[in-house]
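Scroll down for the structure; my scribbles are underneath it.
The values are calculated or read from the model by the stated rules, or taken from the named source; none is laboratory data. Being a predicted model, the structure only gives us computed values, none of them experimental. All Cβ positions, glycine included, derive from the backbone under ideal geometry; neighbour counts span all protein chains shown.
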Amino acid sequence: TTATATTPTVPSGDVAARATAGFRQRYGGEPVGRWAAPGRVNLIGEHTDYNDGFVLPFALPLRTVVAAAARDDERWTVWSELDDDPVEFGPAEADEPGRVTGWAAYVAGVVWALRAAGHAVPGAWLAVASDVPVGSGLSSSAAIEAAVLAALVDLGGLDLPAERWPRLAQRAENDYVGAPTGIMDQSAVIRGRPGHALFLDCRSEEVEQIPFDLAAAGLAMLLIDSRAPHRHVDGEYAARRRSCERAAQALGVPALRDVPADGLDAALARLDDAEIRRRVRHVVTEDQRVLDSVGLLRAGRVRDVGPLLTASHASMRDDFEITVPEVDTAVEAALAAGAYGARMTGGGFGGCVLALVEAAAADAVAAAVAAAYAERGFAAPATVTALPAGGVTRLD
Ligand code: GAF
């Protein structure tokens, strides 16, 4: 085994300075403001959001920053660190989903969603820098959507209360970018609070901020980037969603959220397809695990959430069938090294694993996961610790 250095916390970075520098360099002037939105991890409640169910994500200290200024014409020019050249588009491209592609589609999608909702969106110069890694399942897309949305709302003085931002950002992603996601990620990056997890009812959009003070409890949350190459993520996600919708229809309920945990067996008995039964079992038990986790956190019993995290992982692995060998290996190794619980977080097929550990054990657990990876010949995982941070905000 290799001795690891101390597990780093996620970097606070100079991401805001990079956004400003990018703005000056590309556009030759000063931004009028900077807006920042975080990435997120989901503590528990996976693939429950589009079933009208419950989720419990928290915002990360990793952020995407947009430096911006309004312009007099109805054009949007956006530069990102991911590319050399800015992308420019106008109303014609913004009003036709799919016209702008790549990372800039998330920006065009926000313009589209605002215009579709009847807002007069100001033209703008935008420069984007980000510490949220792309493709690690930490919602870099929700982060850019939220930061751009906040910038455009402020620049245009739009009358749009923040409670309505998550739905709008979700529409950008669903209808412009074309990814059929739920409302969890946008809610987490917009409504997250430091030291809290966000308990969200995805049907009513009611939220409760649940105290989640890991440091005070002597605990740490390890975030292990599985480094698993993405495998058919989009198609598999859409297929899971379709299965859930078909199951709800077969059961005669608006959504799987309406199948109560104590009515699960009766519901399963009415479904003749074994795969669909597994999908339903995941969603219904996962909703219950969210409610149970919230109850434990309200009672200050943070460590006791561990077994629920691990049960969630098993359910994703065996019933929802969205894990891959890398994430299963990380979860098993973390548990064997003493983690209270561990699970893959996010849509699946790779991304990050989170592990709830005693703060003093963080380095040993990270080293154990790295050793298990080396043994299997997987690319070394990147591990950090993370505390819940705040949602989208204007920096200056
Ligand atoms: C992705 C989606 F964007 C979310 O809406 C959610 O469905 C999640 O996968 C699975 O819980 O992050």
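Does at least one position in the stretch 328-339 carry a residue that is closer than 30 Å to Pro254 by Cα, of a type in the set (Ser, Thr, Tyr) and modelled with pLDDT of 95 or more? If you could, list the steps in order and put the result at the bottom.
Restricting attention to the stretch 328-339, the residues satisfying the condition of being closer than 30 Å to Pro254 by Cα are none.
Taking every residue of the stretch 328-339 in turn, none turns out to be closer than 30 Å to Pro254 by Cα, of a type in the set (Ser, Thr, Tyr) and modelled with pLDDT of 95 or more.
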Against the definition (small (Gly, Ala, Ser) and at pLDDT 95 or above), how does Ala70 come out, yes or no? yes
Selected residue (only one of Ala124, Ala169, Ala151, Ala108 is free of Cβ contacts under 8 Å to residues at least 60 places away in the same chain and farther than 30 Å from Pro381 by Cβ): Ala124
crowded, with 24+ Cβ neighbours inside 10 Å and of a type outside the set (D, E, K, R): does that describe Val100? yes
Test Phe54 against the criterion of being within 16 Å of the ligand (Cβ to nearest atom) and under 26 Å from Arg18 (Cα atoms), and give yes or no. no
Confirm whether Asp131 is away from the ligand (no atom under 16 Å from the Cβ) and within 18 Å of Arg394 (Cα to Cα). yes
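Have a look at Arg71, Arg63, Arg40, Arg18 and point out the one that is within 30 Å of Met316 (Cβ to Cβ), more than 16 Å from the ligand (Cβ to nearest atom), basic (Lys, Arg) and in contact (Cβ under 8 Å) with a residue 12 or more places away in the chain. Write out each step before concluding.
On the way: Arg71 fails: within 30 Å of Met316 (Cβ to Cβ); Arg40 fails: more than 16 Å from the ligand (Cβ to nearest atom); Arg18 fails: within 30 Å of Met316 (Cβ to Cβ).
Being within 30 Å of Met316 (Cβ to Cβ), more than 16 Å from the ligand (Cβ to nearest atom), basic (Lys, Arg) and in contact (Cβ under 8 Å) with a residue 12 or more places away in the chain holds for just one of Arg71, Arg63, Arg40, Arg18, which is Arg63.
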